[in-house]
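The values are calculated or read from the model by the stated rules, or taken from the named source; none is laboratory data. Nothing here was measured: the structure is a model prediction, and the numbers come from that model. Note: ideal-geometry Cβ built from the backbone for every residue, glycine included; neighbour counts use all protein chains shown.
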Amino acid sequence: MPKGVTKLRTRGVEGTKKLTYQVTVIDGIETARKVVKTQITTKPVTEVVAVGTNNCDLNYQGCVPIASDVDCAGGSGNGPAYVKGPVKVIGYDIYKLDRNRDGYGCNE
């Protein structure tokens, strides 16, 4: 996933448990309470959130780095970033990698 994007993978759920107490009552007044049994009725589920660490442009399938300019590796471009193709253009070809407009960049 692209850097900074988060996606909920597993929703967290609080667990529940049933407690059984031994209660001591003297003259109608509770004087002591002690847990004698604990039973887990629902196990908790930890929430899992995926966090994107990939710094790839979403306009391309195949990782094209996000930079001020990207050129095809081995070509005549001056960067500062380069990509080894082919990469599929799935959005707007912001770096003009698909020179022959066949839907793929850096494939010549």
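In segment 35-94, which residue that is exposed (fewer than 10 other Cβ atoms within 10 Å of the Cβ) and at pLDDT below 90 is farthest from R9 (Cα to Cα)? Ranking the candidates gives S76 first.
Taking segment 90-108 as the range and being touching a residue at least 12 places away in the same chain (Cβ under 8 Å) and not acidic (D, E) as the test, the residues that pass are I90, G91, Y92, I94, Y95, L97, G103, Y104, G105, C106, N107. Among the residues of segment 39-50, those identified as in a strand (DSSP E or B) and of a type outside the set (A, V, I, L, M, F, W, C) are Q39, T41, T42.
Would you tally the residues in segment 12-38 being under 30 Å from A50 (Cα atoms) and in a strand (DSSP E or B)?
Residues that pass the stated criteria total 3.
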